[in-house]
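Engineer: The following block contains the structure, expressed as structure tokens.
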Amino acid sequence: MRILLDIDGVMVPAKSWKSVEKLEDGFACFNITAATLLQKIISETGATIVLTTSHKSLYSIVEWKNIFSRRGVYANFDKLADNGLRLSRKDEILSWLKKNNSNEKFVILDDDTSLNDLPIEVKSKLVLTSPYIGLNIEKADFAIKILQGQ
């Protein structure tokens with residue numbers, strides 16, 4: 001099982017009136033509720049995180065694992081390939097699915113409304129968050145249902 005995870009608008013809600021708080025590692029502090037709920041999804045499903053965020057190339061997998069664990073999220077990690085071709089998020093995800101086992105259960109956690117244009121069979125795995133709220137209990141429960149095949 002895989003969680004294709006964006007960070008901005010999912011783990012770090014957008015607040016244009018306030019600068020993003022960073023931890024000592026230099027990366028943004030996650031919303032506590034979002035971090036707790038992401039850990040709940042992982043604990044209940046055993047899913048691996050696949051980073052889709054535009055930040056994905058800033059750190060190695062080991063560094064990402066440390067960044068998330070400092071924020072209370074413990075998981076195995078992977079990430080989409082560097083986006084040298086400047087593909088849209090939608091095309092990056094479709095490319096990843098084509099290269100990987102698309103029969104494996106997955107969910108996409110993102111706030112990018114352009115993902116509504118995904119093919120219907122992929123869009124049915126999309127949990128679209130509000131960029132101002134991020135991951136909430138309703139969205140987390142929906143993600144768990146998708147991963148559990150309900």
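The values are calculated or read from the model by the stated rules, or taken from the named source; none is laboratory data. All figures in this text were calculated on a predicted structure; none of them were measured in a lab. Cβ atoms come from the backbone with ideal geometry, glycine included; neighbour counts cover every protein chain shown. Side chains are part of the model used for accessible areas, which takes the heavy atoms of the whole protein and leaves out ligands, DNA and RNA. Shrake-Rupley method; radii C 1.70, N 1.55, O 1.52, S 1.80 Å.
Yes/no per residue for (1) touching a helix residue (DSSP H, G or I) at 6+ places or on another chain (Cβ under 8 Å); (2) closer than 22 Å to ASN136 by Cβ:
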site: ALA28; (1), (2): no, yes
site: ASN31; (1), (2): no, yes
site: GLN39; (1), (2): no, yes
site: ILE42; (1), (2): no, yes
site: VAL50; (1), (2): yes, yes
site: ILE61; (1), (2): no, no
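Engineer: Filter the range 76-98 for residues that are modelled with pLDDT under 90 and farther than 19 Å from LEU126 by Cα; which is least open to solvent (accessible area, probe 1.4 Å)?
Structural biologist: ASN83
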